[in-house]
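Below is one structure, written out as structure tokens; the observations come after it.
Computed from the coordinates by the stated procedures, all read-outs in this text should not be read as laboratory data. Worth saying up front: this structure is predicted, and the values here are computed from it rather than measured. All Cβ positions, even for glycine, are placed from backbone atoms using ideal geometry, and neighbour counts span all protein chains on display.
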Amino acid sequence: MISSAEYLFYHPEEQPIVKCEDCGSRMVLRKSQHGYFYGCTTFPECSGTHGCHQNSGKPLGKPANAETRALRVKAHGAFDKLWIFNGRWRRNEAYAWLADRMTIPYDQCHIGSFNSQQCRQVIIVCEKAGDLPACGGELYLKKSLRKGKA
Ligand SMILES: [Zn+2]
């Protein structure tokens, strides 16, 4: 059985509409040595790309322009630094904390879907966090965590 991404790759007419945020053109599934991704149809004039679920072939998060993509990388860096090097949190605990600080639902807390303003917010809250609770999280975080996992 072939994966959906593979199917879509050979059936461009059935691919979801993904718009390039750099130039407004349509993006189509492409394949590199790292797997499938969405690439701008006007390449090489425009080098806009967007991530792809390797199994389903669906776009990963929301496409963004070059500025927002750079901000997402920065926001991810600040967030990862906060929890990976902290060593007290699991990934989903860290996301529950972030969702709370951003006042958004846990299941919508994906940096890959954030706009530039949200990315700036991530960077600010992560830099402000500096000293995290020693116990590794508050009770309400665990509650939202269970909900998010279910
Ligand atoms: Zn483009």
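In order along segment 91-104, the Karplus-derived 3J(HN,Hα) couplings, from 6.51 cos²θ - 1.76 cosθ + 1.60 at θ = phi - 60°, round to 3, 6, 5, 5, 5, 5, 4, 5, 4, 5, 5, 8, 6, 10 Hz, and Gly and Pro are given as x. Quick one: which residues, 5 or more positions from ARG30 or on another chain, have an amide H under 5 Å from its amide H? H modelled 1.01 Å from N in the peptide plane, none for Pro or chain starts. The list, which skips near neighbours in sequence, is PHE37, TYR38, GLY39.
Label separation (ARG88 vs MET102): 2.2 nm, computed from points 7 Å beyond Cα along the C-beta direction. This model, with +1 at the C-beta of Lys and Arg and -1 at the C-beta of Asp and Glu, gives segment 1-93 a dipole about its Cα centre of some 460 debye. Backbone amide hydrogens, once placed in the peptide plane, bring GLY57 within less than 5 Å of ALA5, excluding anything fewer than 5 places away on its chain. Per residue, the Cα convex hull of segment 4-51 amounts to 74 Å³. Rg and Dmax of segment 1-123, both derived from C-alpha coordinates alone, stand at 16.1, 47 Å.
For CYS20, the residues 5 or more places off, or on other chains, whose built amide H falls under 5 Å of its own are SER25, ARG26, MET27.
Beyond 27 Å between alpha-carbons counts as too far, so tell me which of LYS19/LYS128; LYS19/LYS74; LYS58/LYS128 fall in that bin. Table pairs above 27 Å Cα-Cα are LYS19/LYS128; LYS58/LYS128. Residue by residue, segment 46-54 carries 3J(HN,Hα) couplings of 10, 10, x, 9, 8, x, 9, 5, 5 Hz when phi is fed to the Karplus relation 6.51 cos²θ - 1.76 cosθ + 1.60 (θ = phi - 60°); x denotes Gly or Pro.
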